[in-house]
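Every number in this text was worked out from the coordinates using simple rules, so none of it is lab data. Just so you know, these numbers come straight off a predicted model, no measurement behind them. Neighbour counts run over all protein chains shown; Cβ positions are idealised from the backbone, glycine included.
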Amino acid sequence: MIDIKVFGHKVPDTDTICSAVILTNYLNNKWYNAKAYKLWELNNETAYLFDLLNLEIPETITSLPSWTKVALVDHNEKSQTIDNIDELDIEYIVDHHKFSITTSNPINIRAEKLGSTASVLYKMYKESNIEISKEIWTLMLAAILSDTLLFRSATTTKEDTIIAEELKSITWINDFKEFMNPLFEAKSNLWDINVIDLIKYDYKETEIAWKMIWVWTIETVNPSYALWRKEEILKWLEQIKKDWNLEFIMLSVVDIFWEKNITIVLNWKDSEIVEKVFDTKIENNLADLKNRLSRKKQVVPNLTEYFNNL
Ligand code: MN
Ligand code: MN
């Protein structure tokens, strides 16, 4: 048996945590002795889900001994993974993002253009003869519904909806919206969180032509909690921009029920960029990015194009 540690990206979302648990189960049915981990604490949505299903939450790790065999789920970028990835032996990647990693050894990769890593894992299970528990099927469905924002995110494919329908008949979940409402509510329940944690809640750093740009997204059913704390958030954005020597920074507050993106922009220089790239007007550091729910598809590519053409 080969020991292998399985984990998703930093600042974990529901797809990342569920996929780590699901792939761990899969590998344990192959020729591995697999264990799931996380790189950071759960967000409230995932915590709610694990509590609901009465499942054990994976342990948090920040690094592993050299040459440990690892499997990455739901990410492959170095900036999003475990700190000492260069010392580890990547055995598996299961993902639905663009690829940027190079490895020194042969590797098992399964990546598809689907709305969640859980959708990819569903297909892997279907192709195998592995028996799985109702909890695992439920984790899959929850991860798909969460990552696609109930099929509203731009990354959703027809296949994701078909898979979710199939999972409906296997699990006890009959009504997607009814099932997800308390999870989305839990995710939005961030009133007492301090601003630095709030900002770290979900972020993506992107390096474009040696320029670091950071785009944060907070997905919520209650955007006012973040917008009311705009002044605090602006202070932190300014600090982070300075500390990390960033070229550009912005924070999108995405209202997943009304499908709106209100973005907080730091200064006139960044405002000019946002106005140009997204064809909008900034008022009081706020930009209306309309229904751009997907950072990956509708926000980062536009910024990348702008910075690459500078
Ligand atoms: Mn993810
Ligand atoms: Mn994902």
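So what's the net charge close to Y32: Lys and Arg +1, Asp and Glu -1, counting the other residues with Cβ under 12 Å from its Cβ?
Surrounding charge for Y32 is +2.
Segment 19-40 to segment 233-310: how many Å between their Cα centroids?
36 Å
Picking from Y306, N129, V215, whose Cα lies most toward the positive end of the charge dipole for the chain (charges on Cβ: Lys, Arg +1; Asp, Glu -1)?
Most positive-ward Cα: Y306.
Please find the FRET efficiency linking K276 to K126, where r is the Cβ-Cβ separation and R0 is fixed at 35 Å, and quote it to the nearest 0.05. List each step's numbers first, then the result.
Details: r = 45 Å, r/R0 = 1.30.
The formula returns an efficiency of 0.15 here.
Which residues' amide hydrogens lie under 5 Å from the amide hydrogen of M212, considering only partners 5 or more residues apart or on another chain, with H built in the peptide plane?
It is E247, by chain and number.
Given Cα pairs under 8 Å that are at least 6 residues apart, what percent is the relative contact order of the chain?
13 percent
What fraction of the Cα pairs in segment 37-89, stated in percent, has a spacing above 14 angstrom?
Counting pairs separated by more than 14 Å, the tail of P(r) holds 60 percent.
Using a Gaussian network for the chain with springs between C-alpha atoms less than 10 Å apart, which of these wobbles most: I22, I256, I101?
Checking each option, the largest mean-square fluctuation is seen for I101.
Identify which of N105, N44, N29 has the largest mean-square fluctuation in a Gaussian network model of the chain, with springs joining Cα atoms closer than 10 Å.
Looking only at N105, N44, N29, the biggest GNM fluctuation is shown by N105.
At 7 Å along the Cα-to-beta-carbon direction for both K78 and I61, put a label point, then send me their distance in nm to one decimal.
Modelled inter-label distance: 2.0 nm.
By the gyration tensor of its Cα atoms, with a ≥ b ≥ c the square roots of the eigenvalues, what is the shape of segment 1-125: rounded for a/c under 1.5, prolate for a/b over b/c, or oblate?
Rounded shape, in that the Cα axes give a/c under 1.5.
Restricting to DSSP loop positions (anything but H, G, I, E, B) with no more than 11 other Cβ atoms inside 10 Å of their own Cβ, which GluC sites (Glu not before Pro) remain in segment 110-191?
Passing both the DSSP loop test and the Cβ count: E131.
List the GluC sites (Glu not before Pro) in segment 6-108 that DSSP assigns to loop (not H, G, I, E or B) and whose Cβ has at most 14 other Cβ atoms within 10 Å. Which are they?
For GluC sites (Glu not before Pro) across segment 6-108 that sit outside H, G, I, E and B with at most 14 neighbouring Cβ atoms in 10 Å, the list reads E41, E56.
K211: which aspartates and glutamates have alpha carbons under 19 Å from its alpha carbon, excluding same-chain residues fewer than 8 sequence positions away?
Filter leaves E77, E238, D243, E247, D270, E272, E305.
Could you list the chymotrypsin sites (Phe, Trp or Tyr not before Pro) in segment 213-310 that lie in coil according to DSSP, counting only those with at most 12 other Cβ atoms within 10 Å of their Cβ?
The qualifying sites are W228, W244, W258.
Could you pull out every residue, at least 5 positions away or on a different chain, whose amide H is within less than 5 Å of the one on L64? Hs are placed 1.01 Å off N in the peptide plane, and Pro or chain starts have none.
Here the answer is N84, since their amide H atoms fall under 5 Å of that of L64.
Given Cβ point charges of +1 (Lys, Arg) and -1 (Asp, Glu) and nothing else, what value in debye, to the nearest 20, does the dipole of the chain about its Cα centre take? Walk me through the numbers on the way to the answer.
Values: 35 positive and 48 negative charges, 108 e Å.
Approximately 520 debye in magnitude.
How big is the chain on each of its three principal axes, counting only the C-alpha atoms and giving the largest first in Å?
Computed over the Cα atoms, the extents are 57, 45, 35 Å.
Which residue fluctuates the most in the chain, going by a Gaussian network model with Cα springs under 10 Å, if the choices are Q298, Q80, Q239?
Comparing Q298, Q80, Q239 in a Gaussian network model of the chain, the most mobile one is Q239.
Could you go through segment 82-93 in sequence order and give the Karplus-derived ³J(HN,Hα) for each residue, using 6.51 cos²θ - 1.76 cosθ + 1.60 with θ = phi - 60°, rounded to whole Hz, and x for Gly and Pro?
4, 4, 9, 4, 5, 8, 9, 10, 7, 9, 9, 9
For a quick check: with amide H placed at 1.01 Å from N, whose amide H comes under 5 Å from I109's, ignoring anything fewer than 5 positions away on the same chain?
Amide H neighbours of I109: I93.
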